């Protein structure tokens with residue numbers, strides 16, 4: 001999984017309003033994947049926009065309602081659809097790490113999203129306790145996909161990110177060594193040339209470092225009225 005050294009990165013753009021995010025999800029059919037009505041999604045977004053929780057936050061659908069395998073093909077970069085790497089057919093089995101609590105609701109908010117560029121070159125094993133020490137929570141894979149659905153510009157060549165809040169637990173209880181990430185395909189190997197520059201859901205080993213992957217995190221996860 002080699003990449004060239006990272007280039008200078010522009011600031012990550014701000015998220016649109018919750019209502020604009022809701023319309024984006026409706027346009028993509030995410031509400032139908034999640035078994036939600038368009039009216040219900042709009043009502044949640046309207047309430048979020050009128051509350052302190054909603055300011056600058058990412059609107060996310062609970063992964064039990066909209067799994068990564070259903071969301072990844074909706075990603076687009078320069079017209080190229082997103083995909084999951086062939087050796088991650090178990091992508092939907094990656095679940096929140098112990099200690100990550102999701103709101104008990106189909107929709108929730110993530111304030112204070114950060115791509116974690118400053119942690120590029122760290123390994124997931126190193127990054128996880130560092131995020132916890134700062135009071136940050138690592139993004140789940142589905143949350144990272146939601147972010148890119150709303151802001152494709154979040155993925156930049158050589159400035160992409162890992163979502164280490166999602167891990168696969170093996171039958172013996174140990175964590176699988178793969179850690180999920182979202183980046184831009186080079187169109188090599190099993191990806192296929194036709195997927196060059198497409199958004200890619202893949203993985204890296206938990207102990208490996210990559211100069212082109214930061215560690216996406218948020219300040220918190222919130223339902224409305226917390």
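Can you sort 161, 94 so the residue with the fewest Cβ neighbours within 10 Å comes first?
94, 161
What fraction of the Cα pairs in the range 18-218, stated in percent, has a spacing above 26 angstrom?
Above the 26 Å cut-off, the range 18-218 has 29 percent of its Cα pairs.
Order the peptides 54-66, 126-138 from the highest to the lowest mean number of other Cβ atoms within 10 Å of their residues.
Ranked by mean Cβ neighbours within 10 Å, highest first: 54-66, 126-138.
So if I average 1/r over every pair of distinct C-alpha atoms in the range 103-225 and take the inverse, what Kirkwood radius in Å does that give?
When all Cα pairs of the range 103-225 are included, the Kirkwood radius is 15.0 Å.
So for the range 23-141, considering every pair of alpha-carbon atoms, how many percent are separated by more than 21 Å?
Of all Cα-Cα pairs in the range 23-141, 50 percent lie more than 21 Å apart.
Compute the angle between helix 38-49 and the longest alpha-carbon principal axis of the chain, please, reported from 0 to 90 degrees and rounded to the nearest 10.
So the inclination is approximately 90 degrees.
Normalised by the residues of the chain, what does the relative contact order come to in percent, with Cα pairs under 8 Å and at least six apart?
28 percent
Rule-based calculations on the coordinates, nothing more; no lab input. Please read these numbers as outputs of a predicted model, since none were measured by experiment. Please note: Cβ atoms are built from the backbone with ideal geometry, for glycine as well, and neighbour counts cover all protein chains shown.
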